[in-house]
Amino acid sequence: MFVAKNKFVTKTKDNAEYFDIFFTNMFAMMPSNETWKLHRKTCSPMFYKNKLTMMGKVFKEHLTIATSKWRKEVEANGETRILLSEEFERIYAHTINHICFGQDLNDDKFDWLWFDIEKDTFVEKKVSLRLAMQNMAKITDTFYWKKLANPVSAIAKLLFKMDLEIGPFFKSAHENSRRLQAHLKKYVTDRKSGVTKSQMEGMDLLSAFLENQDVFSDDAIVNGIKGIIFAAIETTNFSSQTLHSTFAQRDDIVQKVRKEFDDNVRKPVI
C-alpha cells in the first residue's frame with residue numbers, strides 16, 4: 001500500500017470497516033485521494049537510508065539481548081530450547097516499539113479488556129503494548145466474523161439499514177480501542193512537552209511525525225503508529241519463523257545464503 005502507491009491494492013469500504021474498530025482514519029487505509037498523497041509524501045523521509053541504518057542498529061540491539069539470554073542458558077544447562085513463535089514475536093515487538101517511539105516502551109502496562117477467543121469473552125487485566133497488539137489481532141478477526149462475515153448482520157444492514165454492533169463484544173472492543181488510543185496518545189503528548197526524549201537521535205517515527213504537525217494531528221500520529229506496529233510485528237515474526245524452519249531442514253539453502261552474504265555483504269578481512 002505504501003511502497004507501490006496502491007498499485008496492487010483496491011481499498012474498499014469493507015477493508016476500512018474491517019480495520020476501523022482500532023484504526024480509525026489510518027492513512028494507509030484512506031482512499032487514494034489528495035489527503036492520502038500528502039500523508040504518504042510526508043511519511044516518505046521516515047525510510048531514508050540514515051534512518052533505516054538506525055532502525056537496523058535497534059533491531060541488532062534487541063536481537064543481541066535475546067541471543068545473550070539464550071547463550072547464558074546453554075552455558076548453565078548445556079542446552080536451551082526456545083519457542084520460535086514467542087521469541088521472535090517478542091524481539092520484533094520490542095524492536096518496532098522502540099523504532100516507533102524512540103525508546104523501548106513495550107513493558108509499560110495498562111488496563112485492557114483481554115479477549116479469550118476460546119471462551120468468547122473479555123477479562124479485565126493489565127498488559128504490555130506487545131500483548132495488547134497481539135490480542136487486538138484476535139479481536140479484529142472476531143469482529144470480522146461476528147459482523148462483516150455474519151449473514152444475519154449483512155441482511156439486517158442491506159434490508160433494514162440496521163447495524164448489529166450492539167452487544168457486549170462490540171462494546172468491549174470499542175472500549176479497548178479507546179484505551180489503546182489514550183495509552184499511545186500519552187506518549188505523543190509526553191514527547192511534545194519534553195517529558196520524554198528520543199533515544200534514536202530523533203530518527204524514530206514519532207519524531208518524524210512530530211516534525212510535520214501541520215499535516216498530522218495527534219490522533220493521526222497515534223493511528224499511523226498503531227498501523228505500523230500492527231502490520232510489522234506479525235509479518236516479520238512469521239517470515240523469520242519460515243526462514244529459520246527452512247534453514248533447520250535444508251543445509252543446501254543455508255550454504256547458498258551464506259555464500260550470497262559473503263559475496264555481497266561481508267567486508268573482506270584485511
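The values are calculated or read from the model by the stated rules, or taken from the named source; none is laboratory data. If you're wondering where the values come from, they're calculated on a predicted model, not measured in any experiment. Positions of Cβ are generated from backbone atoms using ideal geometry, with glycine treated the same way; all protein chains shown enter the neighbour counts.
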* Residue count for segment 88-144, restricted to those that are among the polar types (S, T, N, Q), within 15 Å of Ile233 (Cα to Cα) and not in a helix (DSSP H, G or I) -> 2
* Structure fact -> Counting only helices (runs of 4 or more DSSP H) entirely within segment 200-265, those with at least 2 residues that are within 29 Å of Asp20 (Cβ to Cβ) and β-branched (Val, Ile, Thr) are 218-249
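Tally up the residues in segment 221-265 that are charged (D, E, K, R) and either in contact with a helix residue (DSSP H, G or I) (Cβ under 7 Å, 6 or more places away or on another chain) or within 26 Å of Ala93 (Cβ to Cβ) (or both), please. Lay out the reasoning, then the answer.
Step one: filter segment 221-265 for residues charged (D, E, K, R), giving 226, 234, 250-252, 256, 258-260, 262-263.
Filter once more, keeping what is either in contact with a helix residue (DSSP H, G or I) (Cβ under 7 Å, 6 or more places away or on another chain) or within 26 Å of Ala93 (Cβ to Cβ) (or both): 226, 234.
Within segment 221-265, residues that are charged (D, E, K, R) and either in contact with a helix residue (DSSP H, G or I) (Cβ under 7 Å, 6 or more places away or on another chain) or within 26 Å of Ala93 (Cβ to Cβ) (or both) number 2.
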* Do we have any residue at all in segment 89-105 that's more than 17 Å from the chain's Cα centre (by Cα) and free of Cβ contacts under 8 Å to residues at least 40 places away in the same chain? -> no
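In the set Ser85, Ser128, which member is among the small types (Gly, Ala, Ser), closer than 21 Å to Val222 by Cα and either surrounded by fewer than 18 Cβ atoms within 10 Å (Cβ to Cβ) or touching a strand residue (DSSP E or B) at 6+ places or on another chain (Cβ under 7 Å) (or both)? Spell out the reasoning first.
Details: Ser85 fails: closer than 21 Å to Val222 by Cα.
One residue alone meets the criteria, Ser128.
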* Give the number of residues within segment 228-270 that are under 27 Å from the mean Cα position of the chain (by Cα), within 23 Å of Met55 (Cα to Cα) and not aliphatic (A, V, I, L, M). => 11
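Do we find a residue being under 15 Å from Ile99 (Cβ atoms) and of a type in the set (Gly, Ala, Ser) anywhere in segment 211-223? Steps first, answer last, please.
Going residue by residue through segment 211-223, those that are under 15 Å from Ile99 (Cβ atoms) are 221.
Okay, now just the ones that are also of a type in the set (Gly, Ala, Ser), so none.
No.
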* For segment 46-60, name all the residues that are in contact (Cβ under 8 Å) with a residue 12 or more places away in the chain and surrounded by 12 or more Cβ atoms within 10 Å (Cβ to Cβ). => Met46, Lys51, Met54, Met55, Val58, Phe59
* Asked: Somewhere in segment 197-204, is a residue crowded, with 18+ Cβ neighbours inside 10 Å, within 27 Å of Met29 (Cβ to Cβ) and within 16 Å of the chain's Cα centre (by Cα)?
  -> yes
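Out of Phe59, Phe47, Phe88, I need the residue that is at pLDDT 90 or above, under 25 Å from Leu184 (Cα atoms) and of a type outside the set (S, T, N, Q). Which one?
Values: Phe47 fails: at pLDDT 90 or above; Phe88 fails: at pLDDT 90 or above.
The match here is Phe59.
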* Asked: Which condition does Ala182 not pass, out of (1) exposed (fewer than 15 other Cβ atoms within 10 Å of the Cβ); (2) modelled with pLDDT of 90 or more; (3) touching a helix residue (DSSP H, G or I) at 6+ places or on another chain (Cβ under 6 Å), if it passes all the others?
  -> (3)
* Structure fact -> Checking Asp108, Asp14 in turn, the sole residue that is modelled with pLDDT of 75 or more, under 27 Å from Asn223 (Cβ atoms) and acidic (Asp, Glu) turns out to be Asp108
